[in-house]
Each structure stands twice: as C-alpha cells, then as structure tokens.
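In what follows, a structure is listed as structure tokens, so that the remarks can point back to it.
The values are calculated or read from the model by the stated rules, or taken from the named source; none is laboratory data. Quantities reported herein were computed from a predicted structural model and do not represent experimental measurements. Neighbour counts are summed over all protein chains in view; Cβ atoms, including those assigned to glycine, are modelled from backbone coordinates with ideal geometry. Please note that ligands, DNA and RNA were not included when accessible areas were found on the heavy atoms of the full protein model with its side chains. Shrake-Rupley method; radii C 1.70, N 1.55, O 1.52, S 1.80 Å.
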Amino acid sequence: MTRRLDGTSEIPLSTADAEFRDEVRTWLDEHLISDFTGQAHRGGPDDDDNWELRRAWEAELAAGGWLGMSWPREYGGREATLTQEIVFAMECARAGSPPRAAFHGETLMAPAVLSHGTDEQKQRLLPPMVHAEVVWCQGYSEPGAGSDLANVACRARREGDEWVVSGEKVWTTFAHHADWIFAIVRTEPGSVRHAGLSYLLIPLDQPDVQVRPIRTMLGDSGFNSVYFEDARTSADNLIGAEGSGWTAAMTTLGHERATSVLNYQFSFVREMSQLRELATRRGAVHDEMLRDRLVDSYIGLEIMSHNNMRSLARALVDGEFGPEASIGKYYWSRWHQSFTELAMDVLGPDALLGTSWGDGPDAASEGMRRAFIRARAETIYAGTSEIQKNIISERVLGMPREPKPVT
C-alpha cells in the first residue's frame with residue numbers, strides 16, 4: 001500500500017513511511033509545547049532572532065533522536081530515508097516548530113564529511129552534532145570571492161601537525177554563535193581558480209580569530225566578518241585530500257541548494273496561509289489585481305513543490321544531488337521576492353512600520369515585513385541567480401560555456 005505526501009504528487013509514501021509520519025506527529029504533539037509554541041516565525045537561516053530558544057529546541061530534537069536522521073547508526077543517526085527526512089521537515093513546518101539553529105553543521109558540513117572524510121573524522125565530528133553540542137558556520141564568501149567562489153584568497157600553510165590560516169571570510173552566518181567554521185582556503189601558493197583549494201575545519205575560540213558582526217536592516221547581526229591572523233587548526237581537520245577542496249565544497253553547495261528547499265518550501269506554505277488570512281481580514285481580496293497576484297503566487301508555490309519533489313525523487317534514485325538543484329534555488333528565491341512584494345502591497349500603510357517584534361498590530365504582519373527584507377538577499381546567497389542560470393544552461397542543458405570577459 002502506498003500513499004502520497006500531503007501537498008505533493010511526486011513521492012509515494014509507503015506504509016512504513018506513514019508510520020514514521022505518525023511517530024513524528026505524536027512526538028511533536030508531546031514536545032512542541034510551552035515556550036516552543038508560536039515561534040515558527042521567529043528567526044531564519046540568516047536571522048538569529050530568538051537564538052536561545054532555537055538552541056533549546058535543537059537540544060529537544062537531539063534528545064528525541066531527530067538530528068542526523070539519515071546518518072549511519074554508528075555515528076548516532078537512525079538511517080532514515082530521504083522520504084522520511086521530507087516527512088519530518090513537512091510535519092515540523094505544519095506543526096509550527098521553531099526555526100533550526102544547527103543548519104550549517106548538520107545540513108551543509110556533515111554531507112561533506114560523510115562523502116569525503118575519514119572514518120576517524122566521522123566518529124569525531126558527527127556525534128556531537130547529533131547531540132546538539134556544537135554550532136558550525138560556513139566560511140565560503142570573501143570580499144573578492146562571493147559568487148565567484150573559485151577566487152578564494154584566504155590561505156593556509158602547513159606547519160608540522162597544524163595548518164596556519166590567514167585571511168578573511170565575510171557574510172558568515174552565525175559566526176558569533178559558532179564553535180567551528182568549515183572554510184575553503186588556498187593551500188597551494190600560486191594556484192588559481194579551483195586548483196589548490198582545501199576544505200578545512202577551524203576552531204573559532206582562539207586569539208588569532210576575530211569575529212565582527214555585520215548589522216543588517218533588520219537590526220540584528222546574523223552575518224559576520226571573520227578574520228584569521230595565523231589562526232591554527234590540527235592537520236587532521238582537513239576534509240578530503242589537500243588541494244581537492246573544490247569537490248567537497250560542491251558537495252556542501254549541492255545539499256545547500258537542494259535539501260534546504262524543504263525548510264524554505266514549507267515555511268513558504270505557512271507564509272502563504274498567513275497572507276491569505278491577512279488579505280481576507282484587510283479586504284485586499286476585493287481588489288482584483290491583488291487577488292490575481294495572490295492566485296499567481298499560490299500557483300507558483302505549487303509549481304515549486306512539484307519541481308522540488310521531482311529533484312528529490314531523482315536524488316532517491318541517483319543517491320546524490322546534481323546540478324538540477326540550481327533550478328530549485330533559482331526558482332524559490334525569485335518567487336519569494338515577488339511574494340513578499342505582494343505581501344507589502346496587501347499590508348498597505350502597515351508595510352512602512354518597523355521590523356522589530358512589537359512594531360505592528362499582529363505577529364503575522366511583523367513577520368511579513370521581516371520576510372520582505374530578508375528576501376532581498378535570497379537571490380544572492382548560495383550562489384546568485386546569475387550563477388544558477390549558468391549552471392543550469394551549461395551543466396543541465398549542455399549549452400556552451402559563457403564567454404569570459406577579456407582583460
């Protein structure tokens with residue numbers, strides 16, 4: 001017997017997966033209580049609002065065995081299927097659980113360790129994440145290497161049993177909360193582009209690392225600049241072979257662009273429901289143009305769901321996320337910008353109120369204003385829309401590579 005995931009028509013839900021879904025629902029009913037309720041709109045992937053409660057929720061998930069679910073049991077996982085991971089994300093979104101705080105470690109760094117790390121590294125690095133004992137951040141972007149990741153200049157040199165790191169990373173989400181950073185650094189002097197890069201894990205609690213917050217329009221400091229001045233890390237914190245960091249980096253980016261769509265998609269479903277309620281309450285549904293835009297946004301969300309499930313279904317067969325993940329990232333980031341612009345038109349004059357909690361008549365309108373500002377950057381991070389279109393055209397459609405500018 002098979003059933004379909006609620007809201008999709010792509011991935012079948014077996015009897016075992018349906019039982020897993022019921023287990024998730026029961027656990028959420030028992031644990032998503034007290035201070036954890038009503039917090040789904042507080043914080044996001046680059047917004048550290050409500051951080052302490054989100055960390056407490058992370059510990060609650062760890063105690064229930066819901067972190068690292070797909071990992072081998074020897075590293076603390078439960079060897080869940082991708083379908084079950086989708087079910088879990090969907091049920092958490094439906095129940096309104098707080099946003100995750102350990103996204104960068106479990107969802108981005110861990111896949112690189114599982115694919116390219118040694119057995120010793122897996123035993124050492126993965127269990128602390130399963131127990132919510134460590135916070136990671138991602139060190140990719142630099143002042144001269146944002147979308148062009150291959151232009152990384154941050155360097156590391158080997159000295160005995162340690163790597164010595166110097167350089168800067170920027171837009172480093174949650175670095176001020178993190179214990180460790182996984183970074184792409186240049187370990188081969190004189191190398192260019194993808195060659196000579198390595199995937200290195202660096203502890204942040206040391207005198208030679210400075211974390212400086214970047215204050216955003218939301219008034220928070222989820223982003224940071226991180227400066228390394230001969231910072232040190234053990235030689236066994238190199239993931240993969242020296243100079244082959246680009247391969248591990250692409251593993252991380254593939255998961256960032258693909259698996260992260262689940263959290264975004266289900267949060268968008270919640271935002272859509274909130275906007276429909278706001279539009280009805282404020283009479284915006286009687287405006288023909290706004291009503292048409294609401295319908296278009298709903299259709300776009302359904303298209304997003306089908307595309308995402310198709311990409312994930314392929315991963316079930318191939319065992320990995322391919323360049324098609326860029327289609328999902330390109331689509332959802334542009335859709336969300338258009339959707340939040342619609343939300344501001346529905347709010348009317350209330351769209352001009354502040355973005356701090358309490359700056360409005362209700363939490364839904366406050367959340368929409370914050371979502372509107374966050375969405376401005378969504379076509380930039382995890383690879384700009386321009387980069388995604390290049391990947392789609394060259395690696396998915398097989399079109400000729402974009403000509404490089406003449407210098």
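Observations
- Rounded to the nearest 10 degrees, the angle from helix 82-95 to the longest Cα principal axis of the chain is 50 degrees.
- For region 40-106, the equivalent ellipsoid derived from the alpha-carbon gyration tensor has semi-axes of 21, 14, 10 Å in decreasing order.
- Residue-by-residue Karplus 3J(HN,Hα) for region 179-186, coefficients 6.51, -1.76, 1.60, Hz, glycine and proline x: 8, 9, 10, 9, 9, 9, 10, 8
- Between helix 325-347 and the chain: long-axis angle, C-alpha atoms, 0 to 90°, nearest 10: 40
- In this structure, Val396 and Glu79 have a Cβ-Cβ separation that, at R0 = 41 Å, corresponds to a calculated FRET efficiency of about 0.85.
- Whether region 160-300 is rounded, prolate or oblate, judged on the alpha carbon gyration tensor where a/c under 1.5 counts as rounded: prolate
- GNM result for the chain, Cα springs below 10 Å: residue of Met250, Met309, Met129 fluctuating most strongly: Met250
- Descending by average beta-carbon neighbour count within 10 Å, the peptides 269-275, 164-170 line up as 164-170, 269-275, the highest first.
- Solvent-accessible area, 1.4 Å probe, carbon plus sulfur percent, for the chain: 51
- Calculated FRET value between Glu302 and Ala241, using beta carbons and R₀ = 51 Å, to 0.05: 0.70
- The orientation-averaged shadow of the Cα convex hull for region 130-171, equal to a quarter of the hull surface, comes to 4.6 nm².
- 1.4 Å probe accessible area per residue over the chain, in Å²: 45
- When the Gaussian network model of the chain links Cα atoms closer than 10 Å, the mean-square fluctuations of Ala195, Ala156, Ala101 top out at Ala195.
- Each principal axis of the Cα cloud of region 78-228 was evaluated for its coordinate range; sorted largest first, these ranges are 50, 43, 29 Å.
- Measuring nothing but how far apart in sequence close Cα pairs (under 8 Å, 6+ apart) lie, relative to its length, the chain scores a relative contact order of 13 percent.
- Charge sum, other residues only, whose C-beta stays under 15 Å from Trp180's C-beta, Lys/Arg counted +1 and Asp/Glu -1: -3
- Radius 9 Å from Cβ of Ser198, net charge of other residues (Lys, Arg +1; Asp, Glu -1): -1
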